[in-house]
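Peer 1: Below is a structure I'd like to ask you about.
The values are calculated or read from the model by the stated rules, or taken from the named source; none is laboratory data. Remember, predicted model here, so these are calculated numbers, not experimental data. Don't worry about glycine lacking a Cβ; one is built from the backbone with ideal geometry, like all the others, and counts go over all protein chains shown. We work out accessible area using only protein heavy atoms, side chains counted, and drop any ligands, DNA or RNA first. Shrake-Rupley method; radii C 1.70, N 1.55, O 1.52, S 1.80 Å.
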Amino acid sequence: DGGGAALMSGAGMVRVGKKISVVFDSFIVPGIGYKSVQQYNYNPNTNTSYYTTVLQKRRGGGLISPGIRYQIEPDAAFQFGFAGLVIDQEVIPVPIPMIGWFRKI
């Protein structure tokens with residue numbers, strides 16, 4: 001169900017040396033509102049099954065990516081970091097490094 005989800009983002013960078021910066025990026029989908037879900041039910045006493053419609057609170061989640069940026073030249077930088085998924089208020093590390101090379105044209 002992809003109906004009506006919002007996407008927010010927050011990012012920042014703090015210089016910790018002449019050429020080194022700590023960077024942070026995030027993409028957040030807040031859990032806003034409710035969605036209708038069909039729920040299967042079975043009654044073993046009467047041997048009958050039926051569906052009911054229930055409202056479930058939408059779950060939020062996101063992607064966070066902290067890293068280090070090395071400024072090679074005024075118009076070029078190399079960035080290295082790792083990502084993590086946030087699902088149900090739990091951070092799950094993604095064991096794939098995020099590598100980026102930035103060049104100002």
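Peer 1: Give the aspartates and glutamates reachable from Lys104 as a straight Cα distance under 16 Å; neighbours fewer than 8 places away on the same chain don't count.
Peer 2: By straight Cα distance, Lys104 reaches Glu73, Asp75.
Peer 1: Pick out which of Gly12, Gly31, Gly60 has the largest mean-square fluctuation in a Gaussian network model of the chain, springs linking Cα atoms closer than 10 Å.
Peer 2: Comparing Gly12, Gly31, Gly60 in a Gaussian network model of the chain, the most mobile one is Gly12.
Peer 1: Net charge near Trp101, counting Lys/Arg +1 and Asp/Glu -1 over other residues with Cβ under 15 Å of its Cβ?
Peer 2: Numbers: positive: Lys19, Arg69, Arg103, Lys104; negative: Glu73, Asp75.
Around Trp101, the charge tally is +2.
Peer 1: Please build a GNM for the chain, connecting alpha carbons under 10 Å apart, and tell me which residue among Ser26, Ser36, Ser49 fluctuates the most.
Peer 2: Between Ser26, Ser36, Ser49, it is Ser49 that shows the largest mean-square fluctuation.
Peer 1: Something else: Using 7 Å Cα-to-Cβ label points, what is the Tyr42/Ile99 separation (nm, one decimal)?
Peer 2: Placing both labels 7 Å along Cα→Cβ, they lie 5.0 nm apart.
Peer 1: Where nothing but the Cβ of Lys and Arg (+1) and of Asp and Glu (-1) is charged, how large is the charge dipole of the chain around its Cα centre, in debye to the nearest 20? Numbers along the way, then the final one.
Peer 2: Working: 10 positive and 6 negative charges, 64 e Å.
In debye, rounded to 20, the chain gives about 300.
Peer 1: Who wins for biggest fluctuation among Asp75, Asp25, Asp88 in a Gaussian network model of the chain, springs between alpha carbons below 10 Å?
Peer 2: Asp75
Peer 1: Next question, about the same structure. Could you tell me the distance between the Cα centroids of the range 75-105 and the range 1-70, to the nearest Å?
Peer 2: Here the answer is 18 Å between Cα centres.
Peer 1: Probe 1.4 Å, all protein chains in place: accessible area of Val14 in Å², nearest 10?
Peer 2: It works out to around 90 Å².
Peer 1: Whole number in Å², please: accessible area per residue of the chain, 1.4 Å probe, ligands, DNA and RNA not counted. List each step's numbers first, then the result.
Peer 2: Numbers: 8160 Å² over 105 residues.
Dividing the accessible area of the chain by its residue count gives 78 Å².
Peer 1: OK, next. Rounded to a whole number, what % of the accessible area of the chain do carbon and sulfur atoms account for, probe 1.4 Å?
Peer 2: Details: 5010 of 8160 Å².
Ligands and nucleic acids excluded, carbon and sulfur reach 61 percent.
Peer 1: Report the convex hull volume per residue for the chain, counting only C-alpha atoms, in Å³. Walk me through the numbers on the way to the answer.
Peer 2: Numbers: hull volume 15.4 nm³, N = 105.
Considering the Cα atoms of the chain, their hull volume per residue is 147 Å³.
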